[in-house]
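Trainee: Can you read through this structure? Questions will come right after.
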Amino acid sequence: MKKKENAGVDKKSSDLSVNTQNAAGQLLTSNQGVPVNDDQNSLKTGERGGTLLEDFLLREKITHFDHERIPERVVHARGAAAHGYFQVYESMAKYTKAHFLQDPSLQTPVFVRFSTVAGSRGSTDLARDVRGFSVKFYTEQGVYDLVGNNMPVFFIQDAIKFPDLIHAVKPEPHNEIPQAASAHDTFWDFISLMPESMHMIMWLMSDRAIPRSYRMMEGFGVHTFRFINAEGKSHFVKFHWKPLLGVHSVCWDEAQKISGKDPDFHRRDLWEAIENGAYPEWELGVQIVADEDEFKFEFDLLDPTKLIPEEIVPVQRIGKMVLNRNPDNFFAETEQVAFHPGNVVSGIDFTNDPLLQGRLFSYTDTQLIRLGGPNFHEIPINRSIAPVHNNQRDGYMRQTINQGRASYHPNSLGGGCPFQAKTIEGGFRSYTERIDSKTIRGRSKSFLDHFSQATLFYESQSEAEKQHLTDALRFELGKVETVEIRQRMIGLLSQINKELAQNVADALGLTVPEALMYPINHSVPANEDPQDYQPIYIKQSIEKSEALSMNHTSKNSIRTRQIAFLLADGFEMEPLETMKKALEKEGAMIKIIAPKLGEITSSKGEKIKVDQSLLTSASVLFDALFVCSGKECVETLVNEPDAIGFIEEAYKHYKPIATESNGVDLLKNSSRIKKELVKETHGLIGLVVDKSPQEFISAIAQHRFWEREKKDKHLG
Ligand code: HDD
């Protein structure tokens, strides 16, 4: 294929700009272009008279408004998105003929949408949930969508169970409660009867389900796909997105509070980072498995409840994605974007993963109802940058004005156009897999091991992560009212790890069943003996995988971390400025928090602007806290319960706190921190008192000091 100069970002932008509109300096008009001279009053029969049906301007405006909403996505309704580009580091031609993975000089435009799964469009960002991670690549060979999640496995093995899973997790149908939460009976009822979901449940109960930021999440294609090279040779491939800022989460108490203080927390965070020029970046990683090695693993590569441990097949980082532009219009772009795992380009193909196969049907189908017809590919955000020519015609909202008489193929009246592309011209040719079998409605027995990778995940977590996972299960199952469901879950957990099951059972006032207690396995095919389909446990070749724990993520940067500076009139300007400069140099974002808005005056009479007051702000919205010094400043804040609460909460959520000079008197007003300060011999965990900014920077880079959790419990 001929290489195009400067393909990519600019081309896409101009493509979109055909439809962008800027009203600056323009007259107000009707949709028919008629200038409007009064948009304040409807047409009436006299000053106090009735409104006239004749008023076409009123009717047009109200009718359009009445139709402004479209159905929200049936799942992943809540989301936020951004534009950017992807660039491969080195040609992957050995494995794939996909052009955008071959040319390191090419920037392929992307549009990326992150989402939660269960909540409605207006629900909180901080729900305990899986996060969607959808990437639309506008390649020169057509649109390629990688529609993944921030967890590498899924709840179910067969797409036919997807509606059941979603019905179970959505608010219960009789009272539409609870919103954006899995902690309720129907979800756990379903899960407790689906042993195949156990690996995913470990991920969902881990802190991965409450990310600090979309920018600090991994992404996964989940299924095994195929790369196909120019010779037609296939390799299996699993896709990963690795965030350059590392993988970080908040803690559950914090997540619940953020949901109240700022339900748009993730959306705002993404938007502000891009507006501030701190562009989020991920590396695209691939795990490649030769076709001949398909059966060398202790799990089935087609089973979407399994991952390939990175220790067994390392992730090669092959390119970088940068998000550098916010959408102009949320509805036109983020809401109308239509992803589809079936949108692939030449060089990428599917496998027979039964979950993937079902998805290949579902996504086009859902857009037909959500976007109202078959022409949604013509909506600007969904348009290919590669030319589109075919014989598909008409339908609701058709935008293209096709010329000529021939809308069929073969034709002679249209000169035989459009032509079929040969493979060498980039024509898509499906991988020719040999299939020789009977039709069955059933499940492969190679899919029957539901627990061993759940154990691998649990065992790979740090002590703090294990504790959070246990606490999450205690919380979620504690909200379940039906005791039998809780009991079934304890039975399933005992297959993963006895200690975990015991710890959860203790909190629920239950005991761990002695005998193996599996629920009836509902995935046994009809006419088959259930005994042949009992879940099995295949010991994995490794016992721990570092990549599964966030404890090993990169902790070398404080870029874009939000730091609260707490102060009142009479603060010392010099230490504030030194700290602020040092943190900003490392890319952190500082916000000045004081008892009230406006300006605040230092001990020497200098003034600075307050960003947020104690009334509008909250400690949960920050990554770290700097408590300013100054006689009058400290005296004021000591008598300000909201200030003490701010400090205590930052400490409770394991965040680094720094202060100097008499700022420490303020810290001592928190009984917990006082205990810590007194026991200095044990080392202060994340408390930086009278130290250089560098010490605080290193502490922020650590993200959280989970060790405090144990100490806290110990100290009572
Ligand atoms: Fe799905 C949306 C990811 C299984 C059916 N899915 C959707 C989105 C993401 C995923 C990220 C949001 C896209 C966007 O931002 O607009 N889905 C996944 C992953 C799965 C998965 C990673 C398993 C590995 N999904 C799955 C199955 C089915 C669906 C098995 C149905 C058989 N998914 C849908 C859908 C959605 C959707 C109903 C709702 C809105 C949309 O497609 O565009 O068709």
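Trainee: Right, Arg434: open to solvent by less than 50 Å² (accessible area, probe 1.4 Å) and outside any helix (DSSP H, G or I) or not?
Mentor: Details: open to solvent by less than 50 Å² (accessible area, probe 1.4 Å): no; outside any helix (DSSP H, G or I): yes.
Against the criterion (open to solvent by less than 50 Å² (accessible area, probe 1.4 Å) and outside any helix (DSSP H, G or I)), Arg434 does not qualify.
Trainee: For residues that are in a strand (DSSP E or B) and not polar (S, T, N, Q), scanning just the stretch 313-343, find the one that is nearest to Phe65 (Cα to Cα).
Mentor: Of everything passing the filter in the stretch 313-343, Arg325 is nearest to Phe65 (Cα to Cα).
Trainee: Oh, and also: I'd like to know if the stretch 143-160 contains one or more residues that are aliphatic (A, V, I, L, M), assigned to a strand (DSSP E or B), assigned by TED's automatic domain parsing to the domain that holds Gln316 and farther than 30 Å from Phe265 by Cα. Step through it out loud before you land on a result.
Mentor: Quick first cut of the stretch 143-160, residues aliphatic (A, V, I, L, M) only: 143, 146-147, 151, 153, 156, 159-160.
Adding the requirement that they be assigned to a strand (DSSP E or B) leaves 143, 146-147.
With the extra rule that they be assigned by TED's automatic domain parsing to the domain that holds Gln316, the set shrinks to 143, 146-147.
Add one more test, that the residue is farther than 30 Å from Phe265 by Cα, and what stays is 143.
Scanning the stretch 143-160, I find at least one residue that is aliphatic (A, V, I, L, M), assigned to a strand (DSSP E or B), assigned by TED's automatic domain parsing to the domain that holds Gln316 and farther than 30 Å from Phe265 by Cα, so the answer is yes.
Trainee: Right, here's the next one. Considering only residues that are touching a residue at least 24 places away in the same chain (Cβ under 8 Å) and in a strand (DSSP E or B), look in the stretch 611-655 and name the one that is nearest to Leu567 (Cα to Cα).
Mentor: For the stretch 611-655, the residue satisfying everything is Val627.
Trainee: Does the stretch 287-302 include one or more residues that are within 16 Å of the ligand (Cβ to nearest atom) and out of contact with any strand residue (DSSP E or B) (no Cβ under 8 Å at 6 or more places or on another chain)?
Mentor: yes
Trainee: Being in the same structural domain as Ala230 (by TED's automatic domain parsing), within 16 Å of the ligand (Cβ to nearest atom) and assigned to a strand (DSSP E or B) narrows it down to one of Ala80, Ala118, so name that one. Give the derivation first.
Mentor: Working: Ala118 fails: assigned to a strand (DSSP E or B).
Result: Ala80 is the single residue among Ala80, Ala118 that is in the same structural domain as Ala230 (by TED's automatic domain parsing), within 16 Å of the ligand (Cβ to nearest atom) and assigned to a strand (DSSP E or B).
Trainee: Just wondering, is there one or more residues in the stretch 264-271 that are touching a residue at least 24 places away in the same chain (Cβ under 8 Å), over 25 Å from Leu473 (Cα atoms), open to solvent by 60 Å² or more (accessible area, probe 1.4 Å) and outside any strand (DSSP E or B)? Show your work before the answer.
Mentor: Taking the stretch 264-271 and keeping what is touching a residue at least 24 places away in the same chain (Cβ under 8 Å), we get 264-267, 269-271.
Applying the additional criterion that residues be over 25 Å from Leu473 (Cα atoms) yields 264, 267, 269-271.
Still in the running and open to solvent by 60 Å² or more (accessible area, probe 1.4 Å): 267, 271.
Those left that are additionally outside any strand (DSSP E or B): 267, 271.
Taking every residue of the stretch 264-271 in turn, at least one turns out to be touching a residue at least 24 places away in the same chain (Cβ under 8 Å), over 25 Å from Leu473 (Cα atoms), open to solvent by 60 Å² or more (accessible area, probe 1.4 Å) and outside any strand (DSSP E or B).
Trainee: If you go through the stretch 122-140 one residue at a time, how many are in a loop (DSSP other than H, G, I, E, B) and either within 14 Å of the chain's Cα centre (by Cα) or among the aliphatic types (A, V, I, L, M) (or both)? Outline the logic, then answer.
Mentor: Step one: of the stretch 122-140, the residues in a loop (DSSP other than H, G, I, E, B) are 122-130, 140.
Among the residues that remain, those that are also either within 14 Å of the chain's Cα centre (by Cα) or among the aliphatic types (A, V, I, L, M) (or both) are: 124-130.
Adding up the residues that qualify gives 7.
This table checks each residue for (1) away from the ligand (no atom under 16 Å from the Cβ); (2) open to solvent by less than 60 Å² (accessible area, probe 1.4 Å); (3) under 32 Å from the mean Cα position of the chain (by Cα).
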residue: Leu356; (1), (2), (3): no, yes, yes
residue: Leu360; (1), (2), (3): no, yes, yes
residue: Gln367; (1), (2), (3): no, yes, yes
residue: Gly373; (1), (2), (3): no, yes, yes
residue: Phe376; (1), (2), (3): no, yes, yes
residue: Ile401; (1), (2), (3): yes, no, no
residue: Ser407; (1), (2), (3): yes, yes, no
residue: Pro410; (1), (2), (3): yes, no, no
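Condition check ((1) over 17 Å from Phe265 (Cβ atoms); (2) in contact with a strand residue (DSSP E or B) (Cβ under 8 Å, 6 or more places away or on another chain); (3) open to solvent by 10 Å² or more (accessible area, probe 1.4 Å)) across all residues:
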residue: Ile70; (1), (2), (3): yes, no, yes
residue: Val88; (1), (2), (3): yes, yes, no
residue: Lys94; (1), (2), (3): yes, no, yes
residue: His99; (1), (2), (3): yes, yes, yes
residue: Gln102; (1), (2), (3): yes, yes, yes
residue: Val112; (1), (2), (3): yes, yes, no
residue: Asp125; (1), (2), (3): no, yes, no
residue: Arg131; (1), (2), (3): no, yes, no
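Table: residues versus (1) within 31 Å of the chain's Cα centre (by Cα); (2) open to solvent by less than 30 Å² (accessible area, probe 1.4 Å).
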{"site": "Asp529", "(1), (2)": "no, no"}
{"site": "Asp532", "(1), (2)": "no, no"}
{"site": "Ile536", "(1), (2)": "no, no"}
{"site": "Ile563", "(1), (2)": "yes, yes"}
{"site": "Gly570", "(1), (2)": "no, yes"}
{"site": "Glu577", "(1), (2)": "no, no"}
{"site": "Ser617", "(1), (2)": "yes, yes"}
{"site": "Thr636", "(1), (2)": "no, no"}
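Trainee: Out of the stretch 234-248, which residues are under 15 Å from Gly219 (Cβ atoms) and buried (at least 18 other Cβ atoms within 10 Å of the Cβ)? So that I can check it myself, show each step before the final result.
Mentor: First, the residues of the stretch 234-248 that are under 15 Å from Gly219 (Cβ atoms): 237-248.
Across the stretch 234-248, the qualifying residues are Val237, Lys238, Phe239, His240, Trp241, Lys242, Pro243, Leu245, Gly246, Val247, His248.
The values are calculated or read from the model by the stated rules, or taken from the named source; none is laboratory data. As the structure is a prediction and not an experimental result, all values here were calculated from the model. Positions of Cβ are generated from backbone atoms using ideal geometry, with glycine treated the same way; all protein chains shown enter the neighbour counts. To get the accessible areas, we keep the full protein, side chains included, count just its heavy atoms, and leave off ligands, DNA and RNA. Shrake-Rupley method; radii C 1.70, N 1.55, O 1.52, S 1.80 Å.
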